[in-house]
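Below is one structure; the comments refer to it alone.
The values are calculated or read from the model by the stated rules, or taken from the named source; none is laboratory data. Just so we're clear, the structure is a prediction, and the values are computed from it rather than from any experiment. We place every Cβ from the backbone using ideal geometry, glycine too, and count neighbours over all the protein chains shown.
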Amino acid sequence: MDIKQIFKNNQKWVQDKLNLDSNYFKNLSEGQSPDILYIGCSDSRVTAEELMGVSPGEAFVHRNIANMVPNTDLSVMSVIDYAVLHLKVNHIVVCGHYYCGGVKAAMQSQDLGILNPWLRNIRDVYRTHRVELNAIEDEEQKYRRLVELNVQEQCINVIKTAEVQRVYRDRGITIHGWVFDIHSGELVDLKIDFNKILENVMEIYRLD
Ligand code: CO
């Protein structure tokens, strides 16, 4: 990639925006009030804003390998805290994607160094759902299902945080589990039944 081209692209983008609205960047600099927190994968093919069709200012975004929400990860925990308590988002989305390299790596018996502790969180998802996953004979289908179950478990991790439990009770907040299908470009809503999950989760994880 030609890095110089990026700056040319940027200049064109600035000009395009200003041509439509001469106050575009002035307005942007005045603050943000996004309604959505999007937690997705770092995969270069899975953009956040572009696939949702939203503009700068509309989504607060956190991306990491395999869209994980580990409770000891200061980065994702800070993002959730800030989004929920300060930006007061009404929606939290965990968006996984089929063909996820992180999920694929977690399905293999391989020492991946520093990635081991990160990917172990996905192996834990596999262990939690191993009866369902082991019953799937087709490897491709199993891989897809693990992507979906990982999204579900990361949504549960979001619900396990005290901040989210508090706003859920006090003003309401919606958690969404989605999967982006790179092969078709489509966004799939997993329609996770959080009311049912909440009953199970809150018995043990209630903090507030
Ligand atoms: Co991925």
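The set of residues in the range 1-17 that are farther than 15 Å from residue 55 by Cβ and either part of a helix (DSSP H, G or I) or more than 28 Å from the chain's Cα centre (by Cα) (or both) comprises 2, 3, 4, 5, 6, 7, 8, 9, 10, 11, 12, 15. When residue 35 is tested against (1) exposed (fewer than 15 other Cβ atoms within 10 Å of the Cβ); (2) not assigned by TED's automatic domain parsing to the domain that holds residue 158, only condition (2) is not met.
Before we move on, is residue 98 surrounded by 16 or more Cβ atoms within 10 Å (Cβ to Cβ), more than 15 Å from the chain's Cα centre (by Cα) and closer than 23 Å to residue 188 by Cβ? Judged against the criteria, residue 98 is not a match. Quick one: is residue 3 aliphatic (A, V, I, L, M) and away from the ligand (no atom under 16 Å from the Cβ)? Yes; evaluated as a whole, the condition is true for this residue. When the range 19-33 is filtered for residues that are touching a residue at least 24 places away in the same chain (Cβ under 8 Å) and either within 16 Å of the ligand (Cβ to nearest atom) or farther than 21 Å from residue 176 by Cα (or both), the ones remaining, listed by number, are 28, 32. Taking the range 52-64 as the range and being surrounded by 13 or more Cβ atoms within 10 Å (Cβ to Cβ) and either more than 13 Å from the ligand (Cβ to nearest atom) or modelled with pLDDT under 95 (or both) as the test, the residues that pass are 52, 54, 57, 58, 59, 60, 61, 62.
Of all residues in the range 34-46, those being part of a loop (DSSP other than H, G, I, E, B) and either near the ligand (Cβ under 9 Å from one of its atoms) or within 11 Å of the chain's Cα centre (by Cα) (or both) number 4.
Which of the residues that make up the range 188-208 are touching a helix residue (DSSP H, G or I) at 6+ places or on another chain (Cβ under 9 Å) and among the acidic types (Asp, Glu)? Scanning the range 188-208 gives a single hit, 208. Applying the criterion of being in contact with a Leu (Cβ under 8 Å, 6 or more places away or on another chain) and surrounded by fewer than 21 Cβ atoms within 10 Å (Cβ to Cβ) to the residues of the range 132-147, the residue that is farthest from residue 103 (Cα to Cα) is 132. Within the range 65-84, the set of residues being of a type outside the set (Val, Ile, Thr) and buried (at least 19 other Cβ atoms within 10 Å of the Cβ) comprises 66, 67, 68, 83. Annotation: of all residues in the range 161-197 being assigned to a helix (DSSP H, G or I) and free of Cβ contacts under 8 Å to residues at least 40 places away in the same chain, the one that is farthest from residue 100 (Cα to Cα) is 170.
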